[in-house]
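Novice: Provided herewith is a single structure, encoded as structure tokens, for subsequent inquiry.
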Amino acid sequence: MSVAFIEGGFMSKGKKWVALVLAVALVLAVALTGCASKTDTGTSDTTGNTTKTVTLKTIEPGKLLVGSDTAFPPFESMNGNVAEGFDVDLMKAIGEKLGLEVTFKTEIFDTLIPTLKAGGKFDVIASGMTIKPDRQLEIDFSDPYYDSNQSLVMKKGTTYTGPEQLSGKKVGVQSGTTGEAWAKENVTGATLVPFKNATDAFAALQAGNVDAVVNDLPVSTELLKDDDRGLAIVAQIPTGEQYGFGVSKDNPDLTAAINKALAEIKSDGTYNDIYQKWFGILPE
Amino acid sequence: MTQPVVRIVNLHKSFGSLEVLKGVNLEVQRGEVVVILGPSGSGKSTTLRCVNHLEEPSSGEVWLQDVQINAPGANVNKVREHIGMVFQSFNLFPHLTARGNVMLAQRKVLGRTQAEAERIADEQLAKVGLSDRADHYPSQLSGGQQQRVAIARALAMDPIVMLFDEVTSALDPELVRDVLEVMKELALAGMTMLVVTHEMGFAREVASRAVFMDGGVIVEEGTPEAVFDHPQNDRTKDFLGHIS
Amino acid sequence: MGHPNRRRTLRLFSLAIAGIVLTCAFATQAIAMTGAKVTVDRDTGGQLTRFTFAATSGQDEPVTRIDFLFPEGFDPADAKVDVTLLEGLKRLSTSFEQSIDPQTGVVSVMFDAPVPPKSNYLIQVRDVMTPIAGGTYELPVQYTVEASGTSSPEVRSVSGLTFKYNTPPREEVISRWLDSQAWVKMWNSVKVLDLFLKPQQFVRAVPLLFAGWLMSLSLVLSAFPISIMGGLGTAFMKMSKVPPVRWLASIYINVIRGTPLFLQIFVVFIGLRTTGLRFPDYLSAVVVLAFNSSAYLAEIFRAGIQSISKGQFEAASSLGMTYWQAMRYVIIPQTVRRVLPTMTSEFILLFKDTALFAAVGIFELMLRSQNFVARSGNLTAYVVAALYYLIITIPLINLVGRLEYKLAQSEHGVTAPTGKRRARGGVGPLSGPDFDATAAKHESR
Ligand SMILES: Nc1ncnc2c1ncn2[C@@H]1O[C@H](COP(=O)(O)OP(=O)(O)OP(=O)(O)O)[C@@H](O)[C@H]1O
Ligand SMILES: [Mg+2]
């Protein structure tokens with residue numbers, strides 16, 4: 001029994017090396033080729049009186065794959081295994097204009113940009129992502145589609161006097177977000193505790209693992225809407241940030257097409273309908 | 001008559017619904033070497049194991065001198081200190097050397113000092129002819145050597161009686177002799193012994209009494225000559241016919 | 001507004017000397033803008049840095065222009081300016097022009113139309129080169145209020161706006177030096193290498209993740225001895241003659257082994273704390289790990305103990321040893337040898353499992369690397385983390401292999417140091433029932 005068990009558990013030295021080399025080769029091959037077949041899709045642009053054909057590169061022909069951290073209501077969240085939310089509807093409307101079928105893929109927020117850059121997994125990021133100069137160094141952004149701000153969430157009944165109050169405390173943030181960047185710059189002397197998503201951060205706040213959470217205002221508002229956990233938004237932080245859709249720098253045509261579609265959606269009222277649906281009011 | 005070293009009175013033992021011992025009565029006097037014979041499954045080992053309480057009797061009494069080992073509340077461990085047992089499968093402690101095997105219980109049970117335990121261990125190993133193997137681990141010893149270490153280990157506790165359960169049957173024939181030699185010397189030195197064995201030569205030469213068991217009871221007992229050469233019981237005759 | 005606002009007109013001779021005057025005379029400056037502050041996005045000097053100025057203008061302050069008077073040593077020559085104006089939380093549209101005077105270090109924002117009073121200003125001046133020496137600096141800011149009626153345009157100033165950063169540590173200096181190396185540029189031109197093995201990030205990540213590695217290691221080193229005790233205790237409970245004790249052990253073992261460690265972590269870090277029961281993070285983490293691996297070790301130990309032949313226990317008993325003496329001196333020492341490979345495997349698993357604490361904000365290796373990746377947008381930190389894990393696991397995996405080999409040898413008597421043949425006859429002291437705990441444990445969680 002023991003002999004078989006040793007042979008089963010450990011490859012001979014020779015075999016081990018062969019396996020290792022093969023594995024490395026495979027990884028490199030996959031990574032270098034981007035593991036995607038790029039195909040061209042002809043999209044008809046029928047809004048103008050002239051019909052111009054834009055050639056769009058997407059990973060899967062006829063499809064627009066969208067990367068999103070789907071734990072960010074009301075922008076995106078999972079209803080069962082179907083993504084829903086403001087970004088989702090907006091992206092679908094854009095997809096319709098572009099003649100592409102939109103499919104959402106869930107990805108942790110802080111790996112969205114590296115994954116998009118690496119290519120092969122999705123064409124667009126729609127994840128309540130703020131347009132920021134340092135992100136613009138990595139990827140392109142569409143025109144802004146939503147104006148947002150930050151919020152500070154603490155236990156209900158806490159009076160917030162200013163960032164100094166958080167000195168020496170633990171502040172929960174979502175990893176890689178503008179909330180994190182704001183906290184890092186403005187809440188000096190606090191320990192920032194990064195979480196994968198806002199839901200986890202709020203759970204930690206409720207459990208007392210952190211003393212405050214900095215998070216996008218509309219999301220905090222949504223998550224704490226029917227809150228019975230004793231959490232409340234204690235401060236609105238004006239940052240005037242704007243969300244945009246992220247596209248690889250290798251695909252400027254797609255960015256342009258999205259911008260065009262976005263403008264159309266805004267002018268034909270679709271944008272307002274979607275806004276109304278998810279925020280209950282019309283945009284100002 | 002002096003008090004017997006071991007006294008077994010109407011011993012019954014069942015494993016679940018299987019009654020293995022059905023009323024065994026046996027007394028072993030000081031200095032006696034009693035050999036137990038019998039077909040397989042007759043209850044020889046079980047009887048022996050009841051003597052040092054490795055098996056708990058279902059009913060009856062087992063006495064070591066004036067202490068009843070199966071009395072409720074009896075200090076079994078205390079009684080066992082005085083009963084040496086040697087097993088068919090040696091059961092040496094594989095993580096200890098021969099000397100370590102002989103020393104362990106001296107130190108932990110009898111509370112002897114390291115030096116004393118070591119002295120006695122070397123003495124006993126010398127007696128069984130293994131002085132030069134004291135630092136060997138069981139895996140480095142032959143079966144006969146292991147069994148002799150096991151005997152030394154039991155003797156080091158200064159037992160008042162020694163139990164042997166087919167101690168040579170797991171050994172190659174050429175190794176049996178050494179072990180029997182040690183046992184013979186022990187008998188000659190006056191040790192009280194209760195021996196389960198199929199070695200007829202040894203039994204004839206060394207035993208003061210032979211006991212024949214069958215079906216969980218003692219069927220016949222007497223001097224080796226009486227039992228071996230003039231068996232009274234049919235089952236004894238039948239058994240002896242088979243093995244000789 | 002905690003302090004009275006005062007105003008003072010500042011006559012402007014030249015922007016160059018104004019900076020100096022401002023710095024010296026700030027004690028008497030009037031401040032009309034409220035909540036003004038300046039922050040920087042970098043925590044070390046000597047690199048392009050983004051300055052963020054935030055303030056709210058006063059009731060009667062339609063601002064036409066804002067000047068940032070960067071002190072000596074700061075180079076805003078290539079700076080870019082972003083302006084975000086808000087009324088409350090509502091973003092206002094704006095258009096402006098920027099001008100930079102590299103000589104004086106002044107960056108000016110000129111609004112095409114005066115900004116309405118009581119606006120929130122968020123002005124980012126990007127790509128300003130900072131001096132390398134860390135410290136606290138001040139950025140004087142001036143703004144011009146539109147002429148109203150008879151009064152001419154008025155220049156007001158905000159002072160006392162300080163920010164600070166540190167002198168870059170050695171790895172940061174090395175990393176920046178790498179930026180300029182030709183081979184580094186070539187290396188990074190390969191997409192995969194740039195993403196997973198960027199030298200600059202590698203150099204930064206190594207010291208940064210080291211603390212996380214220590215944390216992971218210390219967690220598992222604190223937990224494992226407790227697990228061994230707990231596992232042994234539970235193993236004995238599971239072998240107890242008293243049924244309720246046995247049941248208790250079984251329930252514990254099955255619940256722990258039957259649920260993900262991730263869930264157990266959440267129960268302690270979120271669940272228990274929500275009910276008010278809380279221990280410090282580190283202690284909680286050690287407790288969860290110890291609780292978890294105790295259950296696994298209990299099964300390993302139990303299987304190990306039961307794999308020791310019954311004859312060993314009987315031999316010990318026949319020598320007058322008590323149950324615990326037999327365990328302590330005969331059974332356990334043999335069990336230890338037998339379970340050592342499996343125990344080591346469990347240690348490896350437990351060490352890797354510390355990564356799960358990233359989810360609850362324990363700054364161990366995984367969280368630190370995630371953080372790093374999130375901030376840099378580069379995956380090199382994960383490779384560094386992998387190396388840190390491997391430093392521990394590879395030697396241990398090797399050790400397990402050697403232990404298993406040795407064990408197999410001793411159990412089968414393949415070699416004996418003196419070359420002596422071991423007993424034949426199949427009833428050797430070590431040939432107990434097959435020992436399956438190892439196999440049982442090799443599954444991953
Ligand atoms: N622990 C046990 N559980 C159940 N049955 C047992 C147990 N130990 C022994 N027995 C049974 O009791 C009977 C007597 O066994 P015992 O070992 O005493 O016989 P024995 O005379 O020593 O035989 P052998 O010469 O084969 O060793 C056998 O039928 C055996 O199967
Ligand atoms: Mg027997």
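The values are calculated or read from the model by the stated rules, or taken from the named source; none is laboratory data. In this text, all values refer to a predicted model and were calculated from it rather than measured experimentally. Glycine gets a Cβ as well: all are built from the backbone with ideal geometry, and neighbour counts include every protein chain shown. Calculation scope for accessible area: heavy atoms of the full protein, side chains included, ligands and nucleic acids excluded. Shrake-Rupley method; radii C 1.70, N 1.55, O 1.52, S 1.80 Å.
Novice: Hey, what do the phi angles of the range C:241-246 turn into as Karplus ³J(HN,Hα) couplings, whole Hz, using 6.51/-1.76/1.60 and θ = phi - 60°, x for Gly and Pro?
Specialist: Running phi through 6.51 cos²θ - 1.76 cosθ + 1.60 with θ = phi - 60° gives 7, 8, x, x, 4, 4 Hz.
Novice: Using a 1.4 Å probe on protein heavy atoms only, how many Å² of accessible area do B and C hide from each other, summed over both chains and rounded to 100?
Specialist: The buried area between B and C, both sides summed, comes to about 2600 Å².
Novice: Taking the C-alpha atoms of chain B, how large are the radius of gyration and the largest Cα-Cα span, Dmax, in Å?
Specialist: Rg and Dmax of chain B, Cα atoms, are 17.8, 55 Å.
Novice: Please give the total accessible area that chains C and A bury against each other, computed with a 1.4 Å probe and expressed in Å² to the nearest 100.
Specialist: Result for this pair: about 3800 Å² buried.
Novice: Looking at B:Pro4, B:Leu54, B:Ala126, which one has the Cα that reaches farthest to the positive end of the dipole of chain B (charges on Cβ: Lys, Arg +1; Asp, Glu -1)?
Specialist: The one lying farthest along the dipole's positive direction is B:Leu54.
Novice: About its Cα centre, what dipole magnitude does chain B give when the only charges are +1 on Lys and Arg Cβ and -1 on Asp and Glu Cβ, stated in debye to the nearest 20?
Specialist: That gives a dipole near 600 debye.
Novice: In 5 Å bins starting at 0, how do the alpha-carbon pair distances of the range B:1-140 split up by percent?
Specialist: 2, 9, 15, 17, 16, 15, 13, 9, 4, 1
Novice: Under 19 Å between C-alpha atoms is the cut-off here; go through the range A:148-241 and count lysine pairs that meet it, provided they're at least eight residues apart or on different chains.
Specialist: Lysine pairs satisfying the spacing and distance rule in the range A:148-241 number 10.
Novice: May I pose another question? Take the Cα pairs of the range A:148-241, get the Kirkwood Rh, then feed it into Stokes-Einstein at 10 °C and 1.306 mPa s and tell me D in µm²/s.
Specialist: For these conditions, the coefficient is 125 µm²/s.
Novice: Amide H of C:Val158 versus every other amide H placed in the peptide plane: which residues, excluding those fewer than 5 positions away on the same chain, fall under 5 Å?
Specialist: C:Val141, C:Gln142, C:Tyr143
Novice: Whole-Hz ³J(HN,Hα) for each residue in the range C:272-287, computed from phi via Karplus 6.51 cos²θ - 1.76 cosθ + 1.60 with θ = phi - 60°, x for glycine and proline: what do you get?
Specialist: 4, 5, 5, 7, x, 8, 9, 10, x, 3, 4, 4, 4, 5, 4, 4
Novice: Shifting gears a bit: In debye to the nearest 20, how big a dipole does chain C give about its Cα centre with +1 on each Lys and Arg Cβ and -1 on each Asp and Glu Cβ?
Specialist: About 2160 debye.
Novice: Let me ask something else about it. Any chance you could get the radius of gyration and Dmax over the Cα atoms of the protein assembly as shown, in Å?
Specialist: For the protein assembly as shown, the Cα-based Rg and Dmax read 42.2, 148 Å.
Novice: For the protein assembly as shown, report the accessible area per residue in Å² (1.4 Å probe, heavy atoms, rounded to an integer). Before the final figure, lay out the partial values.
Specialist: On the way: 43270 Å² over 973 residues.
Accessible surface, normalised per residue, equals 44 Å².
Novice: To continue, here is another question. If we count GluC sites (Glu not before Pro) as exposed when they sit in a DSSP loop and have at most 13 other beta carbons within 10 Å, what is the longest stretch of chain C that avoids them all?
Specialist: Formally, the longest exposed-site-free interval is C:73-442.
Novice: If you don't mind, there's one more thing I want to ask. Give the long-range amide H neighbours of C:Arg65: residues separated by 5 or more places, or on another chain, with amide H under 5 Å away, using H modelled in the peptide plane at 1.01 Å from N.
Specialist: C:Phe111, C:Thr144
Novice: Enumerate the calculated ³J(HN,Hα) couplings along the range B:31-37 in order (Karplus 6.51 cos²θ - 1.76 cosθ + 1.60, θ = phi - 60°), each rounded to whole Hz, writing x wherever the residue is Gly or Pro.
Specialist: Per-residue couplings from phi come out as x, 7, 10, 9, 9, 9, 10 Hz.
Novice: One quarter of the convex hull surface, Cα atoms only: what value does that give for the range C:32-165 in nm²?
Specialist: The directionally averaged projection comes out at 7.8 nm².
Novice: Under the definition of partner shielding as Cβ atoms of other protein chains within 10 Å of a residue Cβ, what is the mean value for peptide B:134-145?
Specialist: That average works out to 5.
Novice: Across every pair of different alpha-carbon atoms, what Kirkwood hydrodynamic radius in Å does the range B:180-223 reach?
Specialist: Hydrodynamic radius (Kirkwood, Cα pairs) of the range B:180-223 is 11.3 Å.
Novice: Among the lysines, which have Cα under 25 Å from the Cα of B:Lys44 when same-chain residues fewer than 8 positions away are ignored?
Specialist: Within reach: B:Lys13, B:Lys22, B:Lys78, B:Lys184, B:Lys237, C:Lys310.
Novice: Right, something else. May I ask for log10 I(q)/I(0) of chain C at q = 0.08, 0.11 Å⁻¹, from a Debye sum over the Cα atoms as equal point scatterers with solvent left out?
Specialist: Computed log10 I(q)/I(0) values: -0.70, -0.96.
Novice: Taking springs between alpha-carbon atoms closer than 10 angstrom, which of C:Leu214, C:Leu261, C:Leu272 fluctuates most in the Gaussian network model of chain C?
Specialist: C:Leu272
Novice: Please name which of C:Leu340, C:Pro260, C:Pro225 has its Cα lying farthest along the dipole of the range C:196-444 towards the positive end, using unit charges on Cβ (Lys, Arg +1; Asp, Glu -1) and the Cα centre as origin.
Specialist: The listed residue farthest towards the positive side: C:Leu340.
Novice: How much mean residue ellipticity at 222 nm does chain C get from its helices, if each DSSP H run of length 4 or more adds -39500 (n - 2.57) and you divide by all residues, to the nearest 500 deg cm²/dmol?
Specialist: Result for chain C, helices only: -15500 deg cm²/dmol.
Novice: Compute the distance in nm between two label points, each set 7 Å from the Cα along the Cα-to-Cβ direction, one at C:Ser151 and one at C:Leu92.
Specialist: Result for the modelled spin labels: 1.8 nm.
Novice: With 21 Å as the limit, write out which pairs from A:Lys117/C:Lys352; C:Lys238/C:Lys352; A:Lys132/C:Lys90 have Cα-Cα distances beyond it, or answer none.
Specialist: A:Lys117/C:Lys352; C:Lys238/C:Lys352
Novice: If you find the alpha carbon centre of the range B:1-58 and of the range B:219-244, how far apart are they in angstrom?
Specialist: What the calculation gives is 19 Å, centre to centre.
Novice: How long, wide and thick is the range C:195-259, going by the Cα atoms along their three principal axes, in whole angstroms, largest first?
Specialist: Cα extents, longest axis first: 62, 22, 10 Å.
Novice: Further question on the same structure: Classify the range A:73-117 as rounded, prolate or oblate from the Cα gyration tensor: take a ≥ b ≥ c as the square roots of its eigenvalues, call it rounded if a/c is under 1.5, otherwise prolate when a/b beats b/c and oblate if not. Before the final figure, lay out the partial values.
Specialist: On the way: a/c = 2.01, a/b = 1.20, b/c = 1.68.
In terms of gyration-tensor shape, oblate.
Novice: What is the magnitude of the charge dipole of the protein assembly as shown about its Cα centre, with +1 placed on the Cβ of each Lys and Arg, -1 on the Cβ of each Asp and Glu, and no other charges, expressed in debye to the nearest 20?
Specialist: 1560
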